[in-house]
1. Enumerate the pairs (first residue in the range 28-57 and over 13 Å from Thr18 (Cβ atoms); second residue anywhere and outside any helix (DSSP H, G or I) and of a type outside the set (Ser, Thr, Tyr)) with beta-carbon separation below 7 Å, excluding pairs fewer than 6 apart on the same chain, so at least 6 apart or on different chains.
2. Could you list, in sequence order, the residues of the range 3-26 that are closer than 18 Å to Gly44 by Cβ and either charged (D, E, K, R) or in contact (Cβ under 8 Å) with a residue 12 or more places away in the chain (or both)?
3. Looking only at residues in the range 2-27 that are among the charged types (D, E, K, R) and at pLDDT 80 or above, which one is most open to solvent (accessible area, probe 1.4 Å)?
Amino acid sequence: KKANFHVLRETRMSAVLTENLFIDTKKDVDLLKSDKFINDVAIGHVNGIVKFTGAKRVKTEDSDNSTYYRVVTGS
């Protein structure tokens, strides 16, 4: 989805705003207490950022067959 959010509109860099869920029900609170749910959300964010930025996979010496992405922030 795209919208005219101030936090995105006024930044001078590429930006992505994500939203996971509202903590307004017991079900949502319980989800946020679940390590599996938090891990799934994190993986979803990584996959979305990789898709959005076109990042390439980087192999590292200690990768043990896992996939790593190198993220550089700042200027």
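1. As it stands, the answer is Asp28/Leu21; Asp28/Phe22; Val29/Ile23; Leu31/Leu21; Leu32/Ile23, since those pairs meet every condition given.
2. Residues satisfying the conditions are Val16, Leu17, Thr18, Glu19, Asn20.
3. Selected residue: Arg12.
The values are calculated or read from the model by the stated rules, or taken from the named source; none is laboratory data. Being a predicted model, the structure only gives us computed values, none of them experimental. We place every Cβ from the backbone using ideal geometry, glycine too, and count neighbours over all the protein chains shown. Calculation scope for accessible area: heavy atoms of the full protein, side chains included, ligands and nucleic acids excluded. Shrake-Rupley method; radii C 1.70, N 1.55, O 1.52, S 1.80 Å.
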